[in-house]
1. Could you work out the local net charge near R3, counting Lys and Arg as +1, Asp and Glu as -1, over the other residues with Cβ closer than 9 Å to its Cβ?
2. For a test of the definition: using alpha carbon positions, the gyration tensor, and the 1.5 limit on a/c, classify segment 37-89 as rounded, prolate or oblate.
3. Would you mind classifying the chain by shape? Square roots of the alpha carbon gyration tensor eigenvalues, ordered a ≥ b ≥ c; an a/c under 1.5 is rounded, otherwise it is prolate if a/b is larger than b/c and oblate if not.
4. Pull up all non-local amide H partners of A51: gap of 5 or more, or a different chain, and H-to-H distance under 5 Å with H placed in the peptide plane.
5. Just to confirm a number: summing +1 for Lys and Arg and -1 for Asp and Glu over residues other than P82 whose beta-carbon lies under 13 angstrom from that of P82, what do you get?
6. For the chain, which whole-number percentage of the solvent-accessible area (1.4 Å probe, protein heavy atoms only) is attributable to carbon and sulfur atoms?
7. Could you run the Karplus curve 6.51 cos²θ - 1.76 cosθ + 1.60 with θ = phi - 60° over segment 66-82 and give me ³J(HN,Hα) per residue in whole Hz, x for Gly and Pro?
8. Whole-Hz Karplus ³J(HN,Hα) for segment 10-16, in order, using 6.51 cos²θ - 1.76 cosθ + 1.60 and θ = phi - 60°, x for Gly and Pro?
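The values are calculated or read from the model by the stated rules, or taken from the named source; none is laboratory data. No experiment lies behind these values; they were computed from the predicted model shown. All Cβ positions, glycine included, derive from the backbone under ideal geometry; neighbour counts span all protein chains shown. Quick note on the areas: whole protein, heavy atoms, side chains included, nothing else; ligands and nucleic acids left out. Shrake-Rupley method; radii C 1.70, N 1.55, O 1.52, S 1.80 Å.
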Amino acid sequence: MKRGALIGYGFIGEQGHARGYTQSKDLGIDAVVDTHPARREKAAQALPGAAIFDSAESFFESELSKRLAFVDICTPPATHAPLARAALE
């Protein structure tokens, strides 16, 4: 099973992507990043065992980020490029 992270747990992250991962036999989520405390709490409840981060910077600096196979960016489109660059690094 490939393990990854969700960056952004708003409507798209929660209602779309996270639901798909919880139903998948091949993919799973080990980390969630969101800047909003209420969304982090929702993610912690929906994805027990996932590490929760309050910033992309703290996630990318963590050892966990180096062990994951993918990052799913679920933030507003204007933020995708810098997050994708950080993920690739």
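1. On the way: positive: K2, R67; negative: D30.
In short, +1.
2. Numbers: a/c = 1.99, a/b = 1.29, b/c = 1.54.
Note, shape of segment 37-89 comes out oblate.
3. Working: a/c = 1.33, a/b = 1.12, b/c = 1.18.
Verdict is rounded for the chain.
4. Under 5 Å from the amide H of A51 lie the amide H atoms of A31, V32, each far enough along the sequence or on another chain.
5. On the way: positive: R85; negative: E57, E89.
Local charge sum for P82: -1.
6. Values: 2980 of 5440 Å².
After summing per-atom areas, the C and S share lands at 55 percent.
7. 7, 9, 8, 7, 8, 10, 9, 8, 10, 9, x, x, 5, 9, 5, 4, x
8. x, 4, 5, x, 6, 7, x
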